[in-house]
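The values are calculated or read from the model by the stated rules, or taken from the named source; none is laboratory data. Keep in mind the model is a prediction, meaning the values are calculated, not measured. So basically every Cβ, Gly included, is an ideal-geometry build from the backbone, and we count neighbours across all protein chains shown. Just the protein is used for accessible areas: all its heavy atoms, side chains included, with ligands, DNA and RNA removed. Shrake-Rupley method; radii C 1.70, N 1.55, O 1.52, S 1.80 Å.
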Amino acid sequence: GMALASVCAPAFAGGRTISAEPVDDVTIRIDGDLREWPNKMTELGETLEGKTGSRIAATLAYDEGSLYVVLKAFDKNIARTSAAGDKEDHATLHLYFPKGNTYAVDIFPGQPGKTGGVVKLKGSSVPQSKVVEAPMDRGNGLNVEAQIPWTAFPEAARTRVGLRATITYTDADSPGSVKAVVGTSTQRNGKGMPPLLLANE
């Protein structure tokens, strides 16, 4: 019975639980090629703002040094400028530590050949972070891989159990014009978010 529960990602208070895969024994290349990612993607099935946005699916993985966010964005129009503003296309990882803070890490996919990707926390780019995007087959959107060091979150030095998380995606028609925000949950803060299960839980 227990093995089954981890497979079907139970719905939780208006959202989906995300199981993060340990990848300590995998060589992770942040290159936009998603072949090495073992686990199923979780659909961002909740509409938080606006009309139905593009179809987005995501997964998380981690090792000793980093947390990885992987996205499939079925979005042919990635609205981005070099400013990486909050009304441009981006994903956000909302991550809660027990008895601690909720962090909102913004992941801006680049536009291949035009604008680089960037990972931001509280408006500043995160040191040692990385984001790479690659066009999907047949031009249906982007595959996006982001690496966020655990050092971005002071609490992670002490605790990596009991975490909660929601992944949202802000879908813009053009920079400054948001069409929709979709997410794995309608909750973006604290204990209201679904659990983020690491392998030891």
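Place a +1 charge on the Cβ of each Lys and Arg in the chain and a -1 charge on the Cβ of each Asp and Glu, then give the dipole magnitude about the Cα centre in debye, rounded to the nearest 20.
I would put it at about 460 debye.
Using a 1.4 Å probe on the protein heavy atoms only, what accessible surface does E64 show? Give it in Å² to the nearest 10.
We get 130 Å² for E64.
Identify the residues of the stretch 138-173 with backbone N under 18 Å of a label point that sits 7 angstrom from the Cα of V26 along the Cα-to-Cβ direction, or state none.
Only 143-150 fall inside the zone, counting backbone N under 18 Å.
When every alpha-carbon pair in the chain is counted, what percent end up more than 31 Å apart?
11
Whole number in Å², please: accessible area per residue of the stretch 47-107, 1.4 Å probe, ligands, DNA and RNA not counted.
On a per-residue basis, 40 Å².
Summarise the accessible area of the chain (1.4 Å probe, protein heavy atoms) by the percent that is carbon and sulfur.
50
So which trypsin sites (Lys or Arg not before Pro) in the stretch 105-201 are both in a DSSP loop and have at most 13 other Cβ atoms within 10 Å of their Cβ?
K114, K122, R158
Give me the percent relative contact order of the chain, please, defined on Cα pairs under 8 angstrom at least 6 residues apart.
Result for the chain is 30 percent.
Of D75, D89, D25, which has the largest mean-square fluctuation in a 10 Å C-alpha GNM of the chain?
Sorting by GNM fluctuation, first place goes to D25.
Which of G100, G183, G113 ends up with the largest GNM mean-square fluctuation for the chain, with Cα atoms connected below 10 Å?
G113
Name the lysines eligible as straight-distance cross-link partners of K130: C-alpha to C-alpha under 24 Å, and not fewer than 8 places from it in the same chain.
By straight Cα distance, K130 reaches K40, K72, K76, K87, K114, K120, K122.
What number comes out for the charge environment of G113, summing +1 per Lys or Arg and -1 per Asp or Glu over other residues with Cβ under 14 Å away?
Cβ neighbours under 14 Å give a net charge of +1.
What does the helix-only formula give at 222 nm for the chain: each DSSP H stretch with n ≥ 4 adding -39500 (n - 2.57), the total divided by the residues, and the result rounded to the nearest 500 deg cm²/dmol?
Estimated from H runs of four or more residues: -500 deg cm²/dmol.
How much net charge surrounds G53 when only the other residues with a Cβ under 14 Å from the Cβ of G53 are counted, with Lys and Arg +1 and Asp and Glu -1?
-2
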